[in-house]
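Below is one structure, written out as structure tokens; the observations come after it.
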Amino acid sequence: EPEVTQTPSHQVTQMGQEVILRCVPISNHLYFYWYRQILGQKVEFLVSFYNNEISEKSEIFDDQFSVERPDGSNFTLKIRSTKLEDSAMYFCASSEGVVTRFEQPQHFGDGTRLSIL
Amino acid sequence: ILNVEQSPQSLHVQEGDSTNFTCSFPSSNFYALHWYRWETAKSPEALFVMTLNGDEKKKGRISATLNTKEGYSYLYIKGSQPEDSATYLCASSYGGATNKLIFGTGTLLAVQP
């Protein structure tokens, strides 16, 4: 069964450094998402991406964050200058369909655990 | 701010017990309710997506119901097995440009053999 893959599984980075988290969504899916879960808190939405542009972003997704789909298969999340509070599990998800997108499940990857020191 | 609540936070049952969890969500402008099963160190696995009031879905021993008027959904597991041990997440969506999900805190189920 097709699945969403994320790399790396764990990333340790010094505060202030840039980090890029990578995702390969399911190949025929059209909507792509990033979520994160800070330890002990709820999973929270960061950004959604459709047709090569951001379709919606949360208040968390400030100028330090960016997403792109550089080659038609990878979907990346970049944090330019990491802060301690960026430490979290980051999940990529994808879903198929446009008209029926609200009835489609989002398929999640295993996540990348980001630790900022 | 949209808030999704789940109860209980955790549940310990014996193998063979049936159990149920609750998800409460804001009903205004509601589009869909998602249930996920999440095992440690794995990706959340989609169980159900429900959109209509009165919807009922079933997958093996697991079933779910939806009440959009009062804003709640129940997840039932019949005859729990140790392999059902996981965190069960619900998430609701409210339309807009995309289908962003608003998650609850999850219910951690532990099934003792």
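Every read-out reported here was derived from the displayed coordinates using simple, explicitly stated rules and does not represent laboratory data. What you see is a predicted model, and the numbers here were worked out from it, not measured in a lab. Backbone-built Cβ (ideal geometry, glycine too); neighbour counts: all protein chains shown.
Observations on the model:
- Identity of the residue in the range A:33-58, touching a Lys or Arg at 6+ places or on another chain (Cβ under 9 Å) and assigned to a loop (DSSP other than H, G, I, E, B), that ends up farthest from the other protein chains (Cβ to nearest Cβ): A:52
- All positions within the range A:74-115 that are surrounded by fewer than 18 Cβ atoms within 10 Å (Cβ to Cβ), part of a loop (DSSP other than H, G, I, E, B) and within 14 Å of the chain's Cα centre (by Cα): A:74
- Residues that are closer than 23 Å to residue B:113 by Cβ and surrounded by fewer than 18 Cβ atoms within 10 Å (Cβ to Cβ), drawn from the range B:64-84: B:76, B:78, B:79, B:81, B:82, B:83
- Candidates A:87, A:66: the one that is over 27 Å from residue B:6 (Cβ atoms) and among the hydroxyl-bearing types (Ser, Thr, Tyr) is A:66.
- Checklist (1) away from chain A (no Cβ under 13 Å); (2) within 23 Å of residue B:98 (Cα to Cα) applied to residue B:22, failing item: (2)
- Top-ranked residue of the range B:1-57 - restricted to ones that are in contact with a Lys or Arg (Cβ under 9 Å, 6 or more places away or on another chain) and assigned to a strand (DSSP E or B), ranked as surrounded by the most Cβ atoms within 10 Å (Cβ to Cβ): B:35
- The set of residues from the range B:70-98 being at the interface with chain A (Cβ under 9 Å from one of its Cβ atoms) and either in contact with an Asp or Glu (Cβ under 9 Å, 6 or more places away or on another chain) or more than 18 Å from residue A:42 (Cβ to Cβ) (or both) comprises B:95, B:96, B:97, B:98.
- Of the residues making up the range A:105-117, those that are out of contact with any His (no Cβ under 9 Å at 6 or more places or on another chain) and at the interface with chain B (Cβ under 10 Å from one of its Cβ atoms) are A:108, A:109, A:110, A:111.
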